[in-house]
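Visitor: There's a structure below that I have some questions on.
The values are calculated or read from the model by the stated rules, or taken from the named source; none is laboratory data. This structure is a prediction, so every number in the text was calculated from the model and none was measured. Protein only, heavy atoms only, side chains kept; ligands, DNA and RNA dropped before computing areas. Shrake-Rupley method; radii C 1.70, N 1.55, O 1.52, S 1.80 Å.
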Amino acid sequence: MTVTKKRLLGVAALAAAIATAGVGIQAYAASIMYMRTYYTDASLTTMAGMRMDTCNNGRLSQRPVVGTVTPYYIDEPVGSCPGIYW
């Protein structure tokens, strides 16, 4: 082989090694975590319950509801998963 062909093969092998180096590393897209506050009626003045999202090993999960679930609620963003609480 000529020097040019060897060089091209070497560059191709290096590019393939770089391209496959990250295979097997799984990344999760960041998800927004919320605190959901439930209210007794549409006026949103009296709190009835709440639920908080948490991040466990990079995966979004929801904690159990404390109080009562109603159709009247506000979601407040509190952080990202994986990431940090704001």
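Visitor: Given the whole protein assembly as supplied and a 1.4 Å probe, what does the accessible area of T45 come to in Å², nearest 10?
Guide: Number for this one is 110 Å².
Visitor: Working with all protein chains in place, sort R36, R51, R63 by solvent-accessible area computed with a 1.4 Å probe, largest first.
Guide: R63, R36, R51
Visitor: Now, a different point. Assuming a viscosity of 0.692 mPa s and a temperature of 37 °C, what translational diffusion coefficient in µm² per second does Stokes-Einstein assign to segment 43-85, Rh being the Kirkwood radius over Cα pairs?
Guide: Diffusion coefficient, whole number: 279 µm²/s.
Visitor: Same structure again: Run the numbers for D41 and T70: contour at 0.36 nm per residue of separation, minus the present Cα-Cα distance, in nm.
Guide: Here the answer is 9.6 nm.
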